[in-house]
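Single-structure report; data block below.
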2 protein chains.
Amino acid sequence: MTPETIASELRGELMAGVLRPGTDLSQVELAQRFGVSRIPIRDALRILSAEGLVEIEANRGAKTISLTPDEVREIYDLRILLECDCLQRAAAAMTPAALEEIDRVRLKSDLDAGGPDWADGDWAFHRAIYQLAGRRRQLAMIEALRRTCVLFVSAYATMPTKKPRWLGDHDAIVKHLRRGETEQAVRKLQGHLEGAATHLIAQMTASLG
Amino acid sequence: MTPETIASELRGELMAGVLRPGTDLSQVELAQRFGVSRIPIRDALRILSAEGLVEIEANRGAKTISLTPDEVREIYDLRILLECDCLQRAAAAMTPAALEEIDRVRLKSDLDAGGPDWADGDWAFHRAIYQLAGRRRQLAMIEALRRTCVLFVSAYATMPTKKPRWLGDHDAIVKHLRRGETEQAVRKLQGHLEGAATHLIAQMTASLG
DNA sequence: AAGTGTATACATGTATACACAAACGCTTCA
DNA sequence: TGAAGCGTTTGTGTATACATGTATACACTT
């Protein structure tokens, strides 16, 4: 039960929607639950805070993040900026072998598309592409932003209703990459993310107001 | 002596070049120095780790980051991406009053340009612009990336040799903004950052062998 | 002589105990 | 009835003590 293990467990619950945004995270409660003292719990909370999933206020404890629709919009804008740039760099480093691998991951993710782990498959696909850019830090930043989004997607139960369109975007991106149409692949990705953003924000505003 | 205070103090030393990249940060040593136990030290190190200034390895302690020229290049590319986007958004929200304030900060930063706190003035100028974009998270990400850069600039003592050009860039950006030439302001900023990047990386490779 | 195993020293990780700050409820007074 | 003041209570923050993991040096084996 290391702090990393605990953080990982909590991260999973956050992203699965078990812990909803704004939930208080009591140190004593978590310590009892994981059967450890509060020290490793504090470390775990700091790890999650570093990832932006938890907010810590001095002397007032930690709670899961709670963002306004505007803040979610900003995060998606950042994702568009960083992911489109990453895709562009990846396209420049594309090889036939890499393309094959990407399409393999895409097909596998299609199967999970209906289940509860659809987000994992989705990310596996995007990561398979982004990896080729060879940008560790950028990828880490993208992943952190994405985690935050997933937290809210799970919380507001906005499973993409237009699943076919969503899978079709993936297919289209691969096809564009195969043909060397970088520009169009990037534009497709941008639309993909825009769609996710507007969908989530609509659900949030509907749920909040 | 809260963890935040300690982190702030260490951050200052890191960015001033007192603590060079790769320095080991012993918990007991820091605890003695700040006159506290190791617990708040651990918290402070986690805060700095979250900011990307310190690396923590389980059971092996913390040390200040040590980046390769390639990683520095990636960081500057990210800064260009995020800062140019931020400038564009700021330009869209520009007002005469804001412009006046920006120029005021610019003039003030010109005075500090020769001293040891030149980095603070430089950042004050850029931040004065970026603020207008109203993007908290993006600004925080830019600031984190910038801090990392400053750490290496200080370590390798690469005070801009071409100070006039550097200050001239600031002046040019303001002038373009005043005329509503967003496109050109963005391009000037990009060149500004590119210049800083190539300069630092050249110094690093020269210093490293 | 080179490599490996082991013992010792040292740094980090964790648990317990205590100090302190904030939130809550109660009493009391206007 | 409402509000302000004060003690209680709950939870976080920190110090101390102990457990565990890692590095170094030395002895031993090959």
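The values are calculated or read from the model by the stated rules, or taken from the named source; none is laboratory data. Predicted model only: the values in this text are computed from it and were never measured. Every residue, glycine among them, receives a Cβ derived from its backbone with ideal geometry; neighbour counts consider all protein chains shown. Note: accessible area is taken over every heavy atom of the protein model, side chains too, but ligands, DNA and RNA are not part of it. Shrake-Rupley method; radii C 1.70, N 1.55, O 1.52, S 1.80 Å.
Only one of the numbered conditions (1) in contact with a Leu (Cβ under 9 Å, 6 or more places away or on another chain); (2) under 23 Å from B:G52 (Cβ atoms); (3) within 14 Å of DNA strand D (Cβ to nearest atom) is violated by A:L53, and that is (3).
Annotation for segment A:111-127: at least one member residue is over 17 Å from the mean Cα position of the chain (by Cα) and in a helix (DSSP H, G or I).
Restricting attention to segment A:63-72, the residues that are within 13 Å of chain B (Cβ to nearest Cβ) and either in a loop (DSSP other than H, G, I, E, B) or surrounded by fewer than 17 Cβ atoms within 10 Å (Cβ to Cβ) (or both) add up to 5.
Of these, B:T198, B:T205, B:T95, which one is under 24 Å from B:V72 (Cα atoms), out of contact with any helix residue (DSSP H, G or I) (no Cβ under 6 Å at 6 or more places or on another chain), of a type in the set (S, T, N, Q) and open to solvent by 20 Å² or more (accessible area, probe 1.4 Å)? Only one candidate passes the filter, namely B:T198.
Here the helices (runs of 4 or more DSSP H) wholly within segment A:1-52 that include at least 1 residues being within 14 Å of chain B (Cβ to nearest Cβ) and among the basic types (K, R) are A:38-50.
Every condition in (1) within 16 Å of DNA strand C (Cβ to nearest atom); (2) touching a residue at least 60 places away in the same chain (Cβ under 8 Å) is met by A:L48 except one, and the failing one is (2). Taking the conditions (1) at pLDDT below 95; (2) among the small types (G, A, S); (3) open to solvent by 20 Å² or more (accessible area, probe 1.4 Å) in turn, B:S109 satisfies each one other than (3). Taken together, the residues in segment B:73-110 that are part of a helix (DSSP H, G or I) and of a type in the set (S, T, Y) amount to 2. The number of residues in segment B:6-31 being exposed (fewer than 13 other Cβ atoms within 10 Å of the Cβ) and either in the same structural domain as B:A119 (by TED's automatic domain parsing) or more than 15 Å from B:F152 (Cβ to Cβ) (or both) comes to 4. Of the residues examined, A:R60 is not one that is open to solvent by 70 Å² or more (accessible area, probe 1.4 Å), away from DNA strand C (no atom under 12 Å from the Cβ), among the basic types (K, R) and more than 10 Å from chain B (Cβ to nearest Cβ). Within segment A:111-140, being touching a residue at least 60 places away in the same chain (Cβ under 8 Å) and touching a helix residue (DSSP H, G or I) at 6+ places or on another chain (Cβ under 7 Å) holds for one residue alone: A:A119.
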